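Take a look at the structure below.
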Amino acid sequence: MTGIEVRSSCLVGMSSDAASTSMSRLELTPFDLRLLSIDPIQKGILFRNPQIQFQEIDGIFIDHLKNSLSRTLDFFPPLAGRLATTTNDDGTATFYVDCNNAGAEFTHAVAAAVSVSDIMEPNYIPEILSSFFALNGIPNYEGVSKPLIGVQLTELADGLFIACTANHAVVDGTSFWHFFNSWSEISRGLDTISKSPVFERWFPSNVRLIHLPPLEKNLFVPPPLLERVFHFSKESLAKLKAKANSEAGTDKISSLQALSAHLWRSSARCRHDHDLNSGGEARFMMAVGARARIPLPEGYFGNAAYGARTAISEGELLRKGLGNAALKISQFVATQTKETVVKFMEDWTKNPILHGKKSFSFFITSSPRDDVYGNDFGWGKPIAARSGKAQKFDGKITVFPAAAVGGIDAEVSLAPEVLQAMEGDAEFMEAFDIGKCL
């Protein structure tokens with residue numbers, strides 16, 4: 001499998017009419033600021049044999065995508081801007097988004113020797129996929145000079161991959177897919193988008209100005225990883241959920257909680273070579289959405305999620321069954337109330353510490369509720385979703401909705417020996433639907 005050829009790259013801004021009436025500034029909230037030191041969001045979608053003429057890609061088709069991107073940015077002025085910073089007398093800094101229409105990055109690339117099957121069929125996600133994303137290796141704080149969003153169209157031998165890299169200090173997963181969905185609507189001919197972004201800001205205790213300590217460059221380099229997508233159908237998820245609820249004697253455990261427990265137990269079991277008497281601590285972390293908890297208005301733009309964590313002993317996790325682990329997760333999620341969210345953010349504003357790049361033993365992110373397969377740009381729906389190399393570490397689990405309604409695809413990043421051990425773990429693999437990802 002050979003590399004890719006970048007055919008063109010340029011900046012795309014809002015239309016002139018929209019730029020002249022655009023908002024000038026977007027304040028960053030504690031939800032946003034906490035993420036300045038980490039990597040952006042990188043997610044993309046794969047299309048097989050789109051109904052377009054490939055000879056038009058270098059001309060009309062590319063112009064169409066650029067124009068539709070520009071029209072979409074009209075509705076999302078911050079994404080066409082840059083981060084801006086003010087240095088305070090005490091040596092701290094304040095950050096915000098300058099909606100200056102400096103432009104989003106648009107890249108057209110070709111991987112003529114790569115087919116859809118090269119992406120979908122191997123057990124492990126191929127290395128070349130990372131080159132399908134723009135703005136690789138750019139942490140969020142570099143948004144003062146780099147685009148806040150970069151999109152890349154990569155032409156394959158028999159398909160297309162459209163990827164988006166978005167500054168995580170400006171958007172979370174919900175806002176990311178809101179933008180992606182809106183771009184696809186404009187691309188397929190709609191005059192406006194179905195859901196307008198809301199730029200009203202949420203701050204705890206009416207705090208509006210947060211002074212951040214000097215940013216420190218994070219030198220964390222993840223160890224070698226293997227990545228694989230495990231597909232769980234609607235039927236297999238129903239079985240996991242029923243098993244977890246039956247073992248726990250409850251009906252409160254959701255499908256995602258049961259799946260999370262299944263992945264957590266298996267990765268821990270394989271990390272410790274099936275040692276049921278392991279005496280360490282098994283930590284669990286997941287991204288928790290705050291929109292419904294606060295609550296925030298429909299279409300709220302920006303970050304409104306945080307990483308919440310809990311832990312039990314490794315012995316308990318491994319010796320006791322799926323139901324026990326799933327119940328622990330369910331009870332933990334139930335504690336994430338509005339009061340919990342507000343206190344978490346209020347405490348952070350008193351002592352603002354920026355997230356750094358580091359590894360977690362188990363961290364489940366993203367949501368199966370994201371509208372991934374509604375992204376029809378005018379040539380049909382995608383067949384799969386993948387993420388880039390940003391934010392990857394040993395223990396990272398990214399969940400996507402599956403192409404078939406009701407299923408979930410879990411993109412797993414683990415140390416090679418752990419992932420390979422999971423593939424030999426009968427208890428784990430019996431719930432994995434092999435060969436049903438297409």
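The values are calculated or read from the model by the stated rules, or taken from the named source; none is laboratory data. What you see is a predicted model, and the numbers here were worked out from it, not measured in a lab. All Cβ positions, even for glycine, are placed from backbone atoms using ideal geometry, and neighbour counts span all protein chains on display. Areas reflect the complete protein model, heavy atoms only, side chains present, ligands, DNA and RNA absent. Shrake-Rupley method; radii C 1.70, N 1.55, O 1.52, S 1.80 Å.
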Which residue is most open to solvent (accessible area, probe 1.4 Å), if the candidates are limited to the range 321-346 and must be more than 25 Å from the chain's Cα centre (by Cα) and at pLDDT 95 or above? Glu339
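Taking Ile45 as the residue in question, decide whether it is in contact with a strand residue (DSSP E or B) (Cβ under 6 Å, 6 or more places away or on another chain) and crowded, with 20+ Cβ neighbours inside 10 Å. Explain how you work it out, then say what you get.
Working: in contact with a strand residue (DSSP E or B) (Cβ under 6 Å, 6 or more places away or on another chain): yes; crowded, with 20+ Cβ neighbours inside 10 Å: yes.
Here the answer is yes, as Ile45 does meet what is asked.
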Anything in the range 371-383 that is open to solvent by less than 10 Å² (accessible area, probe 1.4 Å) and of a type in the set (Phe, Trp, Tyr)? List them, or say none. Phe377
Residues in the range 384-413 that are under 24 Å from Leu226 (Cα atoms) and open to solvent by 40 Å² or more (accessible area, probe 1.4 Å) total 3
Looking only at the range 221-237, count how many residues are farther than 27 Å from Phe360 by Cβ and surrounded by 14 or more Cβ atoms within 10 Å (Cβ to Cβ). 2
Starting from the range 161-180, keep only residues that are polar (S, T, N, Q), then list their pairs with residues that are in a helix (DSSP H, G or I) and open to solvent by less than 10 Å² (accessible area, probe 1.4 Å) whose Cβ atoms are within a distance under 9 Å, requiring at least 6 positions of separation or different chains. Asn167/Leu79; Asn167/Asn140; Asn167/Gly143
Considering residues that are buried (at least 20 other Cβ atoms within 10 Å of the Cβ), in contact with a strand residue (DSSP E or B) (Cβ under 9 Å, 6 or more places away or on another chain) and assigned to a loop (DSSP other than H, G, I, E, B), the number found within the range 126-145 is 3
Every residue from the range 347-378 that is at pLDDT below 90 and of a type in the set (A, V, I, L, M, F, W, C): Ile353, Leu354, Phe360
Yes/no for Ala238 being under 17 Å from Phe428 (Cβ atoms), assigned to a helix (DSSP H, G or I) and out of contact with any strand residue (DSSP E or B) (no Cβ under 8 Å at 6 or more places or on another chain): no
Cβ contacts < 6 Å: first residue under 10 Å from Phe232 (Cα atoms), restricted to the range 397-413; second residue basic (Lys, Arg), any location; separation 6+ or different chain. Result? Gly406/Lys234; Gly407/Lys234
Would you confirm whether or not the range 261-275 contains a residue that is under 30 Å from Phe75 (Cβ atoms) and open to solvent by less than 40 Å² (accessible area, probe 1.4 Å)? no
State which residue is farthest from Arg293 (Cα to Cα) when the search covers only the range 348-370 and only residues that are over 22 Å from the mean Cα position of the chain (by Cα) and surrounded by 14 or more Cβ atoms within 10 Å (Cβ to Cβ). Pro352
Can you tell me which residue is nearest to Ser196 (Cα to Cα) among those in the range 288-310 that are part of a strand (DSSP E or B) and open to solvent by 40 Å² or more (accessible area, probe 1.4 Å)? Arg309
What number of residues in the range 316-347 are more than 21 Å from Ala290 (Cα to Cα) and of a type outside the set (A, V, I, L, M, F, W, C)? 6
Filtered residues of the range 157-198 (kept if part of a loop (DSSP other than H, G, I, E, B), open to solvent by 50 Å² or more (accessible area, probe 1.4 Å) and closer than 16 Å to Pro297 by Cα): Ser194, Lys195, Ser196
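So if I check each of Ser8, Ser24, Ser20, which one is open to solvent by 30 Å² or more (accessible area, probe 1.4 Å), over 29 Å from Lys217 (Cβ atoms) and without any contact (Cβ under 8 Å) to a residue 12 or more places away in the chain?
Numbers: Ser8 fails: without any contact (Cβ under 8 Å) to a residue 12 or more places away in the chain; Ser24 fails: without any contact (Cβ under 8 Å) to a residue 12 or more places away in the chain.
Checking each option against the conditions leaves just Ser20.
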